[in-house]
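Worksheet: the structure to be examined is printed underneath.
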Amino acid sequence: MGLSTLAVLTTAVFGTIIAWVLVRDDFRGKSVVNAIIDLPFALPTIVAGLVIMALYGPRTPIDFTIGSFHFDADITFTRTAIYVALLFTTLPFVVRTVQPVLLELDPELEDAAKSLGAGSFATFRRVVLPVILPGILSGVAMAFARAVGEIGAIVLIAGNLPFKTEVASIHLFYRIEQDPEGAAAVAVVLLAISFGVLLGIGAVRWHVTRHERG
């Protein structure tokens, strides 16, 4: 749950930045970036796990030595592996929910703020952010729901080591036949926590939307 929250918060920041770049800038390879963003939607989750294993597993191609410095990108069976996998699967949700809002945002509002002396950061914080925040929160809610229930992308690279890389969804997957009562108890707790988080995100989104309309 903690890694899911951390991954989703990271996704909220970098997903918004990526959406901004894709909407506001034109550059070579833009269509390629768009296709990469949609990969988690197109690939079965187990395939995503295999891709991550190939890039960051024991046979990672990212392995080099410079002088006395050695770098090896093998992160299998670590919390970092779970974090990377969740980033991969949740990033598109924020990007795709923020993009349409940015497309509808009138650039004249930003020009008006700048003409009144507001800097770039102040313009973003006072003009852009209030408009795109509901979209960010919607993407965060969907990303969190995906992260909490993710299995395919992390089952190979996490290892499910007790008290180290044990993930609730994988724990349920392995225990459902051996201990159905215990698995059901874990599922209920997980459901309650997830529902509480999603309810909180929905309340914040409602408050922001209401304030914007008011």
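For the chain, the fraction of 1.4 Å probe accessible surface lying on carbon and sulfur atoms is 67 percent. In summary, the convex hull built on the alpha carbon positions of the range 2-134 has an orientation-averaged projected area of 11.4 nm². Across all C-alpha atoms in the range 150-204, the radius of gyration and Dmax reach 13.0, 40 Å.
Could you provide, to the nearest whole Å², the per residue accessible area of the range 66-171 with probe 1.4 Å?
Details: 5210 Å² over 106 residues.
Accessible area per residue, the range 66-171: 49 Å².
Please compute the length gained on full extension between Phe124 and Arg79, using 0.36 nm multiplied by the number of residues separating them and subtracting their Cα-Cα distance. Please list the in-between numbers first.
Working: separation 45, 0.36 × 45 = 16.20 nm, distance 3.39 nm.
Length gained between Phe124 and Arg79: 12.8 nm.
For the range 1-144, what is the relative contact order in percent, using Cα pairs closer than 8 Å and at least 6 residues apart in sequence? The partial results should precede the final answer.
Details: 135 pairs, mean separation 50.1, N = 144.
For the range 1-144, the relative contact order is 35 percent.
Once the chymotrypsin sites (Phe, Trp or Tyr not before Pro) in DSSP loops with at most 10 neighbouring Cβ atoms within 10 Å are cut out of the chain, the longest remaining piece is 28-162.
Across the range 180-191, coupling constants 3J(HN,Hα) worked out from phi with the 6.51/-1.76/1.60 Karplus curve, θ = phi - 60°, read x, 5, x, 5, 5, 5, 5, 5, 5, 4, 4, 5 Hz, and Gly and Pro carry x.
Using only Cα atoms, figure out Rg for the range 69-214 and give it as a multiple of 2.2 N^0.38 Å. Mind showing how you got there, number by number?
Numbers: Rg = 20.5 Å, N = 146, 2.2 N^0.38 = 14.6 Å.
Normalised by 2.2 N^0.38 Å, the Cα Rg of the range 69-214 equals 1.40.
Using only alpha carbon pairs under 8 Å that are at least six residues apart, calculate the relative contact order of the range 69-206 and give it in whole percent. Please list the in-between numbers first.
Details: 110 pairs, mean separation 44.8, N = 138.
So the answer I get is 32 percent.
Derived scalar couplings between HN and Hα for the range 64-71 equal 8, 10, 10, x, 8, 8, 10, 10 Hz in order, rounded to whole Hz, by the Karplus curve 6.51 cos²θ - 1.76 cosθ + 1.60 (θ = phi - 60°), x for Gly and Pro.
Give the longest segment of the chain that steers clear of trypsin sites (Lys or Arg not before Pro) in DSSP loops with at most 15 neighbouring Cβ atoms within 10 Å, not counting the sites themselves.
Working: sites that count: Arg28, Arg59, Lys164.
That would be 60-163.
When Rg and Dmax are taken over the Cα atoms of the range 32-103, they come to 15.2, 49 Å. Net length available on complete extension from Val188 to Val32 is 52.1 nm, with 0.36 nm assigned per residue and the Cα-Cα distance removed.
Here the Karplus relation 6.51 cos²θ - 1.76 cosθ + 1.60, evaluated at θ = phi - 60°, turns the backbone of the range 192-208 into coupling constants of 5, 5, 4, 4, x, 5, 5, 5, x, 4, x, 5, 5, 4, 4, 5, 5 Hz, with x for every Gly and Pro.
The values are calculated or read from the model by the stated rules, or taken from the named source; none is laboratory data. Everything numeric in this text was worked out from a predicted model, so none of it was measured. Every residue, glycine as well, gets a Cβ built from its backbone with ideal geometry; the counts of neighbours run over all protein chains shown. For accessibility, only protein heavy atoms count, side chains too; no ligands or nucleic acids. Shrake-Rupley method; radii C 1.70, N 1.55, O 1.52, S 1.80 Å.
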